[in-house]
Amino acid sequence: MNLREYMGSIGTKSILQISKLEKSYLGNNGDGQRTLPVLNDINLEVGEGEFLTVIGPSGCGKTTLLNIIAGLEGYDSGDVVLTGHSVPSSGQDIVMIFQEDALFPWLNVQENVEFGLKQRHVSKEVRKKTAEQYIKMVGLTSFAGSFLHQLSGGMKQRVAIARGLALNPRILLMDEPFGALDAKNRDILQRQIQEIHGQTKKTIIFVTHDVREAVCLGDRVVLLTHTPTRIKRQFVIDRPRPRRSEDPALRGLTNAVLRDLKEEGDFGESEPENITE
Amino acid sequence: MEKANQKTSQSKNSRQKIRVNITDLIDTVIFLAVIIVAWQTIFWLKFYPAFLFPSPSTTLNTFVRLIQTGILPVAIYTTGYRLVAGFALVMILGIAVGVVMVKFKRFGRTMASFSLGLQAFPSIAWVPFAILIIGLNDYGILFVIVMSSAFSVMLSTYSGFRNIPPIYMKAARNMGARRFSLLLGVMFPAAMPSLMTGIRQAWSFSWHALIGAEILMASVGLGAILYFGSEFVRMDQIMASMITIFVIGLVVDKLLFFRLEQRVRSKWGLAS
């Protein structure tokens, strides 16, 4: 399937439209203030239930883009529209899972997952049931009463995913959520997030700087350029799931994305020997 | 499997804990015995006349008599009441001003450096000021307590709130936390480890200040017993009151503040 056909297929069930998005920061380059353009004319449409991965050279404004979609940061011009509402309208429609450890160490696993529901004044029983359901989905039922320091890095990110899912957001944003994990845990979580996506049909926008991860997880990969960031190219990954990042069938696509990323002067996380294949 | 490992390590820990507590207890008993024997020996050697240096048994007798006559229970009650009232004031004022300091940054910065000086200021030095401005009464004593330790709570609130990792606030806002739920559900618990340190320090400062103020300002209370003991050369009473002060300090710190702090620290997985 090429990109045009693919975009045609999501056309009617589009959930997020970003058009002509511009954003710049005030920076200091030694001789006074000046504006540093970060996002330059970003146009992106995301379909309902789509698993979209975003990749780009480091420091290219991937996180800024996610923050804007989440309503955590403002923008200069353009439109970010969540089927009808202009972002930021309500934060809870869009929930973000962070790269850093953003779970609350004073709460146990169960209480962490319930936190967002508590903010919405959901009743105690419903809160408990919902939390249990998502803790089960990420396979941590026996750790519901544990505190965070008793969990490994991979388990913590699974709690973070459960905490995000429990709010039943329309879009789940993930900012390099597996970036700090070791290879084994990353593998497990890559499989698990695909299962969860299959079960919940959530729209996921997943930022990563690992090309293999982007290709392995995404229905579509959006490749960003250096700052000022534009969309360089998009790839449709039309392969059956569940996929594994070492799957040879993905190698061709991975190399195609890598070649384009290399033009931006960044090799991503993947080892260089993958490029020469 | 991970769960099973966790369980066995937990039960092993609790068994070890009990054993440690028993050896701790034995050590404490031996330590106390040595002190009492040394005390008795010094008494026998007659360095001082008996009325100036009473034996452990005389002190114990006085202790019992002070309890029977109701002098000691009333003193403990009065001192305890002042401590609770004073410490409650310290907490309320300290946390309130600390939050205001976080909210208004310039005030916070100025107040922080100013109160570092006040924190080191000897609480006893407030007594003459309190006597003249407020008078020789409980309010004067409360004033001395507040001036001695509100700054500890204030500064630890201030630094605790300022050092909250921004990611917690970002995540909480993203999940819909606003205003009060953000303050009570995220900021306070996130600042808790720092706050607990300040609270425990404030308790210790309050206790020092209270006994000091009672010696100079009160007619009832553990501090007052010390004062009258020295006026009427009743060393046995002084000793009995000192031991009571020591025990109360130890019990409150060990059973209340130490435990509270440990609970916070173990939740967070901080080294204890």
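The values are calculated or read from the model by the stated rules, or taken from the named source; none is laboratory data. Since we're looking at a predicted model, the values are computed, not measured. Here the Cβ positions follow ideal geometry from the backbone for every residue, glycine too, while neighbour counts run over all protein chains shown.
Things to note:
- Contact map, segment B:164-175: residues that are facing chain A (nearest Cβ under 7 Å) paired with residues that are basic (Lys, Arg), Cβ distance under 8 Å, separation 6+ or inter-chain. Pairs shown: B:MET175/A:ARG163.
- Residues within segment A:207-228 that are in a strand (DSSP E or B) and either touching a helix residue (DSSP H, G or I) at 6+ places or on another chain (Cβ under 6 Å) or without any contact (Cβ under 8 Å) to a residue 60 or more places away in the chain (or both), tallied: 4
- Matching entry among B:LEU226, B:LEU210, B:LEU216 (being in contact with a helix residue (DSSP H, G or I) (Cβ under 7 Å, 6 or more places away or on another chain), within 14 Å of B:THR79 (Cα to Cα) and surrounded by 24 or more Cβ atoms within 10 Å (Cβ to Cβ)): B:LEU210
- Any hit, segment B:242-260, residues being in contact with a Gly (Cβ under 6 Å, 6 or more places away or on another chain), surrounded by 12 or more Cβ atoms within 10 Å (Cβ to Cβ) and within 20 Å of B:HIS208 (Cβ to Cβ): no
- The condition of being at pLDDT below 95 and of a type outside the set (Lys, Arg) holds for only one of B:PHE121, B:PHE129, that being B:PHE121.
- Per the listing A:VAL126, A:VAL138, A:VAL109, A:VAL95, the residue uniquely within 26 Å of B:ALA191 (Cα to Cα), out of contact with any Cys (no Cβ under 6 Å at 6 or more places or on another chain) and more than 8 Å from every other protein chain (Cβ to nearest Cβ) is A:VAL109.
- Among the residues of segment A:112-123, those identified as more than 10 Å from chain B (Cβ to nearest Cβ), farther than 24 Å from A:THR63 by Cα and at pLDDT 90 or above are A:GLU114, A:SER123.
- Any hit, segment B:230-251, residues being within 14 Å of chain A (Cβ to nearest Cβ), farther than 24 Å from B:TRP126 by Cα, outside any loop (DSSP other than H, G, I, E, B) and touching a residue at least 12 places away in the same chain (Cβ under 8 Å): no
- All positions within segment B:142-172 that are among the hydroxyl-bearing types (Ser, Thr, Tyr) and either closer than 25 Å to A:VAL113 by Cβ or surrounded by fewer than 22 Cβ atoms within 10 Å (Cβ to Cβ) (or both): B:SER159, B:TYR168
- For the condition surrounded by 15 or more Cβ atoms within 10 Å (Cβ to Cβ), at pLDDT 95 or above and either in a helix (DSSP H, G or I) or in contact with a Cys (Cβ under 8 Å, 6 or more places away or on another chain) (or both), B:ILE92 does not qualify.
- Residue match in segment B:28-48 (condition: more than 30 Å from B:LEU216 (Cα to Cα), in a helix (DSSP H, G or I) and at pLDDT below 90): yes
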